[in-house]
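Working notes, structure below.
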Amino acid sequence: QVQLVESGGRLVQAGGSLRLSCTTSGRTFSNYAMGWFRQAPGKEREFVAAISWKSTITYHADSVKGRFTISRDNAKNTVYLQMNSLKPEDTAVYFCAARGPYRSASAYANDYDDWGQGTQVTVSS
């Protein structure tokens, strides 16, 4: 099991940028696919982005493609979500998730084994 600790969520104005970080524990991090999901009030958890264990494969939801970028630094046991051109509809709790070891990146929440606590992102208009 991987423990995930998230940071970076805050209030930001529309059009602004924000970078979320998720730091993981354990030596297995480099063998885990990682993902970001978000959940707005009254809505189902939504896929945002995913990345394979060596960053050779990345997926981004259509709603964030071109604005958000997932990346990872295995030496720091950290996965990032760089969010640019933020919109009010991006307001949600953002969750980091881990899948593995040696499992592929996935857009499906049920495929992930471990989850962070979530960090609130609020985008004002």
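The values are calculated or read from the model by the stated rules, or taken from the named source; none is laboratory data. All values reported here derive from a predicted model rather than from experimental measurement. When we count neighbours, we look across all protein chains shown, and the Cβ atoms used for this are built from the backbone with ideal geometry, even at glycine. With ligands, DNA and RNA removed, areas are computed over all heavy atoms of the protein, side chains included. Shrake-Rupley method; radii C 1.70, N 1.55, O 1.52, S 1.80 Å.
Mind telling me which of Thr78, Thr28, Thr56 comes out most flexible in a GNM of the chain, alpha-carbon contacts under 10 Å?
Most flexible of the set in this elastic network: Thr56.
Quick one: how many lysine pairs in the chain have C-alpha atoms under 23 angstrom apart, if they're 8 or more apart or on different chains? Please report the intermediate quantities before stating the final value.
Values: Lys43/Lys65; Lys43/Lys87; Lys54/Lys65; Lys54/Lys76; Lys65/Lys87.
Counting lysine pairs in the chain gives 5.
Taking a 1.4 Å probe, which of Asp62, Asp73 shows the most accessible area, and what order do the others take after it?
Details: Asp62 125, Asp73 50 Å².
Heavy-atom accessible area, descending, gives Asp62, Asp73.
Asp113 to Lys43: FRET efficiency via 1/(1 + (r/R0)^6), r the Cβ-Cβ distance, R0 25 Å, to the nearest 0.05? Spell out each step's value before the answer.
Numbers: r = 23 Å, r/R0 = 0.92.
FRET efficiency, Asp113 to Lys43: 0.60.
When all protein chains stay in place, what accessible area (Å², nearest 10, 1.4 Å probe) is found for Lys76?
120 Å²
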